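Undergrad: This is the structure I have questions about; it appears just below.
The values are calculated or read from the model by the stated rules, or taken from the named source; none is laboratory data. Not measured: the values here are computed from a predicted model. Because the Cβ atoms are built from the backbone with ideal geometry, glycine has one as well, and the counts that use them run over all protein chains shown.
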Amino acid sequence: MTASNWRDPSIHIEKLYVEENCLEYEYTQEILAATTLPWTVVPERGKPNSLDEEFVYNLSRGKRQLFLCENRGQFYKPCPGTREYQCCDYQVLHTGSNCPIDCVYCILQAYLNAPWVTSYVNIEKLFTELNAGLKENPDSFFRIGTGEFTDSLALDRITKLSEKLVPFFAGQKNAILELKTKSAVIENLANLKHNGRTVVAWSLNSNEIMQKQELRAANLEERLEAARQCAEWGYSLAFHFDPIIDYPGWQKGYLDTVNALYEKVPAESIAWISLGALRYLPRLKDIGIQRFPGSKIYHNEFIMGLDGKSRYFRPHRVELYKYIYNALSEKVAPRTCIYFCMESDEIWREVMGFIPAEKGGLGKMLDATVSDVR
């Protein structure tokens, strides 16, 4: 298998920008002291440069720049799911936006309006919100992830945010942290006391999709070796086959990935595996074709879903799902929950033979996989 040389995509970052009022934060000073990258101060509420004026055109350049600034909104909030499809009751920890990895299908291309990679450094506010939210609902159990608007570990060599989050969650009785990545940056996780309350997760795909549609991401071998090492350190694991993409030879491609996963990683370490077919905001198609004219993933038949996103026709989604679900089912451990991300009850019934409500709801199904740490 060809090496990607992108197990740590943060090497793509060339320069840091720091919001002036953030210089007083201890966390900012820790980051600046640990990096050899050049950095420039930006006025409070200012922006690093004018790359945002031609956002799509400058997105590739922006991914080389890391902006340390304040999050003036909420850090801790529910995942932006939709009522029309089954949601897993996930909670989002908004630690930053964008990442140095450049996926052809990335929804952030149509969602963000600034090309820089941002990392929020006012983390005292982050932990204040977390503490308040968890204490207000002591009888509820929360699965909280940092991978909704950025990659959870792609910048960890620079920010070392995992060294702050993992120990915090180790002390919580009603929450678990998921760190989701396409990198293999796990060094900072090695010696952390996690108490079983951090799940380290990887997005997976067929090898062809990973090589051609996920630029500057770790390759399959690198991701699985990182997962194997995390399992050895006692972390629970998760994997996300999302987006599943139709292309000539997809059956062999996804079967090879499933086989490689279970050859490398102990099945009993896997808490959950999600499946989700390619879906996108309509405006993403034009952006994707403009930025990646050689990609063919948007050149297929799609319909408008109930959530306003373009999706494969239902029979084709079922075909994709059944094939991969059956391959996983032959190898999966009893502990592992295989689930759909944002799909209808009809899809659940047709592929898996049940709907989440019959098992207490999707949230309860996922919570059960980590019940031993509750």
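Undergrad: Among the numbered criteria (1) at pLDDT below 95; (2) touching a helix residue (DSSP H, G or I) at 6+ places or on another chain (Cβ under 6 Å), which one does Lys173 miss?
TA: Failed condition: (2).
Undergrad: For segment 301-321, which positions are touching a helix residue (DSSP H, G or I) at 6+ places or on another chain (Cβ under 9 Å) and surrounded by 14 or more Cβ atoms within 10 Å (Cβ to Cβ)?
TA: Phe302, Lys309, Ser310, Arg311, Tyr312, Arg314, Arg317, Val318, Leu320, Tyr321
Undergrad: May I ask you to list the residues in segment 4-29 that are at pLDDT 95 or above and in a loop (DSSP other than H, G, I, E, B)?
TA: Arg7, Asp8, Ile13, Glu14, Tyr25
Undergrad: Further question on the same structure: So which residues in segment 185-218 are in contact (Cβ under 8 Å) with a residue 24 or more places away in the chain, surrounded by fewer than 21 Cβ atoms within 10 Å (Cβ to Cβ) and either out of contact with any strand residue (DSSP E or B) (no Cβ under 9 Å at 6 or more places or on another chain) or of a type in the set (Asp, Glu) (or both), if there are any at all?
TA: Matches in segment 185-218: Glu187, Asn188, Ala190, Lys193, Asn195, Asn207, Glu208, Gln211, Lys212.
To keep it simple, each residue is scored yes or no on (1) more than 21 Å from Gly253 (Cβ to Cβ); (2) modelled with pLDDT under 95; (3) in contact with a Cys (Cβ under 8 Å, 6 or more places away or on another chain).
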{"residue": "Tyr298", "(1), (2), (3)": "no, no, no"}
{"residue": "Gly305", "(1), (2), (3)": "yes, yes, no"}
{"residue": "Lys309", "(1), (2), (3)": "yes, yes, no"}
{"residue": "Pro315", "(1), (2), (3)": "no, no, no"}
{"residue": "Leu328", "(1), (2), (3)": "no, no, no"}
{"residue": "Val332", "(1), (2), (3)": "no, no, no"}
{"residue": "Cys337", "(1), (2), (3)": "yes, no, no"}
{"residue": "Glu350", "(1), (2), (3)": "yes, no, no"}
{"residue": "Gly353", "(1), (2), (3)": "yes, no, no"}
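Undergrad: Going through Gly363, Gly294 one at a time, which residue ends up being among the small types (Gly, Ala, Ser) and under 30 Å from Lys63 (Cα atoms)?
TA: Going through Gly363, Gly294 in turn, just one is among the small types (Gly, Ala, Ser) and under 30 Å from Lys63 (Cα atoms): Gly294.
Undergrad: Next question, about the same structure. Residue by residue through segment 323-349, note down the ones that are among the aliphatic types (A, V, I, L, M) and within 19 Å of Arg279 (Cβ to Cβ).
TA: Answer for segment 323-349, where residues must be among the aliphatic types (A, V, I, L, M) and within 19 Å of Arg279 (Cβ to Cβ): Ile324, Ile338, Met342, Ile347.
Undergrad: Please find, among Ala238, Ala271, the residue that is touching a Phe, Trp or Tyr at 6+ places or on another chain (Cβ under 6 Å) and part of a strand (DSSP E or B).
TA: Ala238
Undergrad: (1) within 15 Å of the chain's Cα centre (by Cα); (2) closer than 19 Å to Ile273 by Cα: which one isn't true of Ala217, the others all being true?
TA: Ala217 satisfies every listed condition except (2).
Undergrad: Which numbered condition trips up Asn205, out of (1) in contact with an Asp or Glu (Cβ under 6 Å, 6 or more places away or on another chain); (2) under 17 Å from Ile297 (Cβ atoms)?
TA: Failing condition for Asn205: (1).
Undergrad: Condition test on Leu153, is it among the aliphatic types (A, V, I, L, M), free of Cβ contacts under 8 Å to residues at least 60 places away in the same chain and under 30 Å from Lys296 (Cβ atoms)? Walk me through how you get there before you give the answer.
TA: Details: among the aliphatic types (A, V, I, L, M): yes; free of Cβ contacts under 8 Å to residues at least 60 places away in the same chain: yes; under 30 Å from Lys296 (Cβ atoms): yes.
Taking the combined requirement at face value, the residue satisfies it.
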